[in-house]
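**Student:** Mind having a look at this structure? Questions to follow.
Nothing in this text is a laboratory measurement; each read-out follows from the coordinates by a stated rule. Everything quoted here is computed from the prediction, not taken from an experiment. Note that each Cβ is placed from the backbone with ideal geometry, even for glycine, and that neighbours are counted across all protein chains shown.
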Amino acid sequence: MKHELTRRIFTACMLVFVLTIGLVLFVMERYQEKQARSEVQEQTEDLISVMEESGTELLGQFTDAGQMEITVFAKDGTVRFASGSAPETGEAFQDALAGGTGRSETWEGPLHRRFTYAAQLPNGQSVIQVSIKQDPVWALLLNMATPLLVLVLLMVLLSMLIAAQFSMKIMKPINALDVENPDDRDIYDEMKPFVRQIMTQNQQIYRQMSELKEEHRKQDAMRREFTANVSHELKTPLTSISGFAEIMRDGMVQEKDIAHFADNIYHEAQRLILLVNDILKLSRLEADGSQQEERTSVELFGLCREAASRLSLNAAKQDVALSCEGEQVTVSGMRRLLEEIVYNVCDNAIKYNREGGSVRMTTGTEDGMAFVRVQDNGIGIPLADQGRIFERFYRVNKSHSKEVGGTGLGLSIVKHGMLLHGGEITLKSAPDWGTEITLWFPLGTETPQTPAN
Ligand code: ADP
């Protein structure tokens, strides 16, 4: 950059130098031409008076070191007096014959030497013609080649020096600019927009960085909380199992109670399996796309019928009536995951119901979306808990959830699964009225989303 800058400034200096020389030569040439014209004119006037007084005899004295030639022609062109060797009748002579005065210029020879002529017909008898020959200005410069060469070299050197000096001066505040923390007071006006742009970009970067940090901090906190929750949830059944086994090992259980204890151990172990399964499902849902199953066309009404039939025994046990209605509607999705989602929601509607209650599943389309709605007239969810039931391990009533075999992860799986399908969940619930959860799916080709936490 610095060298490039030096080169450009040097080029500019040289350009100005060459242009100046050219311009000076041009102006000098013009000036010389003008001078020559007025000089031949004046000389002609003077020589006419000399001629009127003493004829052509004295004319010879007026030639100026061979630069000026004086010729007197008769009207027919014969030479009556000539100071030079090869007098010629030219344009100036013709014009003088025709109109009394004449003027012309010719250029001759390899040097392009200029001849300036003036001619007059003072007495109607003879034409007096004065000419001056001059070398062009650049030819004069040629005579001064050596000092000129030195001058040019000096100019080149000076230009280089100026270029180096200038580029150093220009670059100094730029090099001194602290990009991390720029200050537009330290720099010249032309650079200010650039510096301000850096300042704005820096601010943007800082803002984005702090946003990212905040995001990381939140994710970290969530991960820690999840790990703590998982440990706690796993510890409870393990502690029970360990306690039962210890009592049995120490022979503190009567023969008749062994089956009961074994049953407790079995149930706690089942709970552990349930928990581990749900945790695995959740972590798979949060993993990248490559770990998700493939999308196919999935018919939602059929899905509800399947879930209902798998849960019919549970429903019957709890004396809850289960029904499916609505129309067939197909969405693009991951079949196994959709089965899991519908199963979980329907399972909850049975688990958190009351004796003699009912669960109604409906499918259809509304506002350009496909939906599965699960309504129950069970215990309902208090308003304060409604915003949190999709969090991991969140349960409105922990002991009740445990009693009915819940892990607190079912709705988290539903939430993540719906996000992967680009869907939405709406919830309506009130204690003792019941709960209505609607799963909304985009119709047609939707783009899958990565789940947020
Ligand atoms: P769980 O395994 O405890 O059922 P979920 O994530 O499936 O966990 O549900 C979280 C909590 O939301 C449940 O513990 C329960 O308190 C509440 N809940 C979910 N569905 C219903 C429902 N249909 N009626 C009443 N409460 C519900």
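**Student:** Show the residue pairs that are 6+ apart or on different chains and have beta-carbon atoms under 8 Å apart, the first residue being within the stretch 234-259 and under 24 Å from V276 (Cβ atoms) and touching a residue at least 12 places away in the same chain (Cβ under 8 Å), the second being surrounded by 14 or more Cβ atoms within 10 Å (Cβ to Cβ) and basic (K, R).
**Tutor:** Pairs found: P237/R271.
**Student:** Within the stretch 89-121, count every residue that is out of contact with any strand residue (DSSP E or B) (no Cβ under 8 Å at 6 or more places or on another chain) and without any contact (Cβ under 8 Å) to a residue 24 or more places away in the chain.
**Tutor:** Counting residues in the stretch 89-121 that are out of contact with any strand residue (DSSP E or B) (no Cβ under 8 Å at 6 or more places or on another chain) and without any contact (Cβ under 8 Å) to a residue 24 or more places away in the chain gives 4.
**Student:** Then there is this: Quick one: is A384 within 16 Å of the ligand (Cβ to nearest atom), over 24 Å from I279 (Cα atoms) and not in a loop (DSSP other than H, G, I, E, B)?
**Tutor:** The answer is yes for A384.
**Student:** Restricted to the stretch 403-432, and to residues that are within 10 Å of the ligand (Cβ to nearest atom) and part of a loop (DSSP other than H, G, I, E, B), which residue is nearest to A384 (Cα to Cα)?
**Tutor:** That would be P431.
**Student:** Within the stretch 310-352, how many residues turn out to be within 17 Å of G408 (Cβ to Cβ) and more than 13 Å from the ligand (Cβ to nearest atom)?
**Tutor:** Residues in the stretch 310-352 being within 17 Å of G408 (Cβ to Cβ) and more than 13 Å from the ligand (Cβ to nearest atom): 0 in total.
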